[in-house]
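One structure is given here, and the rest of the page talks about it.
Quick note: the coordinates plus some simple rules give every number you see, no bench work behind them. Just so it is clear, the model here is predicted, and its values are computed rather than measured. Every residue, glycine among them, receives a Cβ derived from its backbone with ideal geometry; neighbour counts consider all protein chains shown.
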Amino acid sequence: MEQLMTSLFLDNADYVLLDADNYLENASVLIQDSRITAVGAGISPPGNHAVEWIDCQGMMLLPGLINAHNHVVELVIRGLGKDLNTEEWMKAYVYPINKGLSDEDYYAATLLGCADMLRNGSTSVADLLPNYVRFHAGPIVQGFQDVGFRAGVALAAATRSLIDEKEVRAPEEEIRRARDFLGRWQGDGLVRAWIGPSGFHACDPQTLRAVKEVASEHHTRFHIHLNETRFQLNLAQENGYVGQIAWAADSGLLDQDTLVAHAVWTSPEEIDLLAETGAQVVHNATSNQILASGIAPVPEMLQAGVVVALGSDGPGSNDSMDMVAELKAATLLHRVHTLNPDVLSARDSLRMLLVGGAQALGYEPTELGRIASGALADITAIDLHNNPSINPIHDPVSSLVFSGSGRDTRLTIVNGKVLFRDGDYPTIGRDRVIAAARQLKRRVAELTREAA
Ligand SMILES: [Zn+2]
């Protein structure tokens, strides 16, 4: 049966950011099914089939924001335990609550997290499911699919634990779990199943290598935290390595299908290893500041040709999934660190988010992270007209990064489908999002009462 083509015409936006370096003024975008088919001033939709027409006057269209490292369901505990150190916080909140939540809770948390990301202009995410979360991967994948979000969902493996030994499993069980997960969820273009062990602190090197091999057999991606903290660096050095990236390279974990979160405590020789292997890095500027983890050598990595993307990290350690805020945080962090206002420009950060982000999600940068004919239709529209906080606009990229906010988002389109528009979520409905928030508040209150 012939599928009826659906078209969206985004008419006459004040600005259309094509990528980090180029934009048009007073231009329109035509979407047919999942792809952008025309961009420019004076284009019009074809007359031979139904077109949904969206007036974009007073808006800026930009490629959908790509969040390359997150733990979405951590949002259930955001704002809790903010005066504890990381270990106390993990012990008091992260583990007991993650352990106590049900499949239904994890599904609700995924809907709420997608709603949060969409209303902040994000259209895709790399989401790592750590510790007890990994036992609920099914409802989380289902949540992303029901929303229509673009996601790489990375399943952890844990054979050791710093916090709670009850979460660890035997290596054979973790390898089987990795195989089952990839076997079960392969084939959906939008939501892709990955493998994503938390790191050497949570899994022995032999099991890490084994689950990396499972990922390679399934031609999928591998996501891992490396060199996030000084503690992680020490762990590598106690094992005879200059750092965790050298350890990962020696363990057979680094290649172009590997996405490394953080890479804060990374030596020049390890930057060369990243460049040689083609592994990509996700920089989490806000999370690294909140947890006082350190400053990743991002300008040096870019200089060496390493692909760097941007991530929010989990809302437990960032509390926000606003990737516009993340653009500003990344830009400022390296300026103050080097005392050089020229070390990273607004465009450099946007390029990391879009071009690095596309590659971090496993796409060609020609396909994702830009507004161009033939690219996937992931688009965000932010309000300029009714928005004194961003006006007057002299340079739209500079305005977005330095004055903008993800909350300025009016419209978010993923794969050619409207997922957020003027406060509502057409695929799941605002009521379900509100109900999810209520359910999770109640469940966390019950679980913290039980633990006390
Ligand atoms: Zn993380």
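For this structure, a couple of remarks:
- Measuring nothing but how far apart in sequence close Cα pairs (under 8 Å, 6+ apart) lie, relative to its length, the chain scores a relative contact order of 21 percent.
- Computed over the chain, the Cα gyration tensor eigenvalues convert (square root of 5λ each) into semi-axes of 34, 25, 21 Å, ordered from largest to smallest.
- Averaging the Cα positions of each part gives two centres, and for the stretch 37-74 and the stretch 138-159 these lie 24 Å apart.
- Each of Ile271, Ala170, Asn234 was scored by the projection of its Cα onto the charge dipole of the chain, and the greatest displacement toward the positive side belongs to Ala170; charges sit on the C-beta of Lys, Arg, Asp and Glu.
- The alpha carbon centroids of the stretch 401-445 and the stretch 228-304 are separated by 33 Å.
- Using only alpha carbons, the stretch 399-442 has a radius of gyration to Kirkwood radius ratio (Rg to Rh) of 1.10.
- Each pair of Cα atoms in the stretch 1-128 enters the Kirkwood radius, and Stokes-Einstein at 25 °C and 0.890 mPa s then converts it into a translational diffusion coefficient of 137 µm²/s.
- The stretch 321-401 - convex hull of alpha carbons, volume per residue in Å³: 128
- What the Kirkwood sum gives for the stretch 187-240 is a hydrodynamic radius of 12.4 Å, with every pair of different alpha carbons counted.
- Cross-link check: pairs Lys99/Lys212; Lys82/Lys417; Lys82/Lys328 evaluated at a Cα-Cα cut-off of 31 Å; pairs beyond the cut-off: Lys82/Lys417.
- Using equal-weight Cα scatterers in the Debye expression, the normalised intensity of the stretch 7-50 in log10 at q = 0.13, 0.15, 0.20, 0.27 Å⁻¹ is -0.27, -0.36, -0.60, -0.96.
- Compared with the direct C-alpha span, the chain from Ala50 to Asp431 gains 134.3 nm at full extension, assuming 0.36 nm per residue.
- Kirkwood Rh in Å, taken over the stretch 84-226 so that all alpha-carbon pairs contribute: 15.5
- The stretch 42-101 - Rg over Rh from alpha carbon coordinates, Kirkwood radius: 1.35
- The alpha carbon convex hull volume per residue for the stretch 315-452 rounds to 179 Å³.
- Relative contact order of the stretch 224-362: 20 percent, from C-alpha pairs under 8 Å at least 6 residues apart in sequence.
- Cα pair count fraction exceeding 23 Å, expressed as % - the stretch 166-304: 34
- With Cα atoms, 0 to 90° folded angle of helix 171-185 axis to the chain main axis: 20
- Neighbours of Asp257 by Cβ distance under 13 Å: Lys/Arg scored +1, Asp/Glu scored -1, total 0.
- Helix axis angle, 268-277 relative to the chain longest principal axis, alpha carbon, degrees: 70
- Rounded if a/c under 1.5, otherwise prolate or oblate - the stretch 245-383, Cα gyration tensor axes: oblate
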